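The values are calculated or read from the model by the stated rules, or taken from the named source; none is laboratory data. Everything quoted here is computed from the prediction, not taken from an experiment. Note: ideal-geometry Cβ built from the backbone for every residue, glycine included; neighbour counts use all protein chains shown. With ligands, DNA and RNA removed, areas are computed over all heavy atoms of the protein, side chains included. Shrake-Rupley method; radii C 1.70, N 1.55, O 1.52, S 1.80 Å.
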Amino acid sequence: MTSNASERVVLTARPATSAAVFQLRNILKLGIAAWLATPQTMATMSGFLDRLRIPGVSHESGFLYIPSAILIFSVISWIVYQKTCSFTLTDERLIVRYGLLLRVEDEVELYRVVDVTQTIGIFQRIFGVGNVQVTSTDRTGTVTLPLIKSPSAVRNAIRTEAERCKSRRGSVRILE
């Protein structure tokens with residue numbers, strides 16, 4: 001962690017894996033991928049390809065599995081992305097880390113935080129998670145903490161630490 005020795009870690013959070021796997025969009029993508037791989041759909045796509053007569057493309061070449069593979073890959077990559085995310089709130093900054101091959105670390109200075117909101121969709125309620133959105137005046141702009149457990153507690157912790165940080169620094173004016 002790149003925090004200063006004088007910084008105190010208030011909380012750490014990660015997206016909930018179960019909520020990432022069972023998001024409605026992922027379930028729909030996997031359902032469509034399964035439907036595309038059914039014999040009836042494959043036969044329809046094969047007939048369509050035969051009518052197009054594209055050289056080098058036939059139903060025997062495995063070409064018909066590409067749409068399903070793309071959908072499955074997009075779900076897997078989303079889940080891997082969610083698994084690599086971590087959020088650390090100190091008494092000075094919100095540190096966001098993500099990425100598997102290219103590791104990115106970004107931070108939001110708490111004295112620059114303008115607004116903290118949460119959204120909880122109907123499927124997120126089932127898993128007890130939500131998204132926390134932090135808006136700041138620095139170059140980072142808006143940071144979203146997706147699929148966080150207890151989003152109200154996280155939102156309140158960020159808001160409380162931002163207010164403490166602002167009061168420690170004295171008067172901070174935000175120009176819009």
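Here is how the numbers come out for the structure above:
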item: So Leu64, is it over 19 Å from Thr12 (Cβ atoms), buried (at least 19 other Cβ atoms within 10 Å of the Cβ) and in contact with a Ser or Thr (Cβ under 8 Å, 6 or more places away or on another chain); result: yes
item: Filter pass, Val104 being crowded, with 18+ Cβ neighbours inside 10 Å and at pLDDT below 95; result: no
item: Search result, residues across segment 17-36 that are at pLDDT 90 or above and small (Gly, Ala, Ser); result: Gly31, Ala33, Ala34
item: Residue under evaluation Gln82, criteria (1) out of contact with any Ser or Thr (no Cβ under 8 Å at 6 or more places or on another chain); (2) in a helix (DSSP H, G or I); (3) open to solvent by less than 30 Å² (accessible area, probe 1.4 Å), criterion not met; result: (1)
item: Test: residue in segment 51-73 that is modelled with pLDDT of 90 or more, within 15 Å of the chain's Cα centre (by Cα) and assigned to a helix (DSSP H, G or I); result: no
item: Phe127 of a type in the set (Phe, Trp, Tyr) and within 15 Å of the chain's Cα centre (by Cα); result: no
item: First in segment 92-114 and more than 21 Å from Val80 (Cα to Cα), second anywhere and among the aliphatic types (A, V, I, L, M) and at pLDDT below 90, Cβ under 7 Å, 6 or more apart; result: Tyr111/Val172; Val114/Ile174
item: Checking Val143 against (1) at pLDDT 90 or above; (2) open to solvent by 30 Å² or more (accessible area, probe 1.4 Å), the condition it does not meet; result: (2)
item: Segment 8-27 residues that are touching a residue at least 60 places away in the same chain (Cβ under 8 Å), paired with ones that are open to solvent by 30 Å² or more (accessible area, probe 1.4 Å) and aliphatic (A, V, I, L, M) (beta carbon under 9 Å, 6 or more apart); result: Val9/Met1; Leu11/Ala153; Thr17/Ile79; Ala19/Ile126; Ala20/Ile79; Phe22/Ile126; Leu24/Ile122
item: Residue within segment 109-127 that is under 25 Å from Gln23 (Cα atoms) and in contact with a Lys or Arg (Cβ under 6 Å, 6 or more places away or on another chain) present; result: yes
item: Residue ID - modelled with the highest pLDDT, chosen from residues in segment 107-133 that are crowded, with 16+ Cβ neighbours inside 10 Å and within 20 Å of Arg168 (Cα to Cα); result: Val116
item: Unmet requirement for Thr140, which otherwise passes all of (1) touching a Gly at 6+ places or on another chain (Cβ under 7 Å); (2) not in a helix (DSSP H, G or I); result: (1)
item: Condition broken by Leu30, with the remaining ones in (1) open to solvent by less than 70 Å² (accessible area, probe 1.4 Å); (2) in contact (Cβ under 8 Å) with a residue 40 or more places away in the chain; (3) over 30 Å from Glu161 (Cα atoms) satisfied; result: (1)
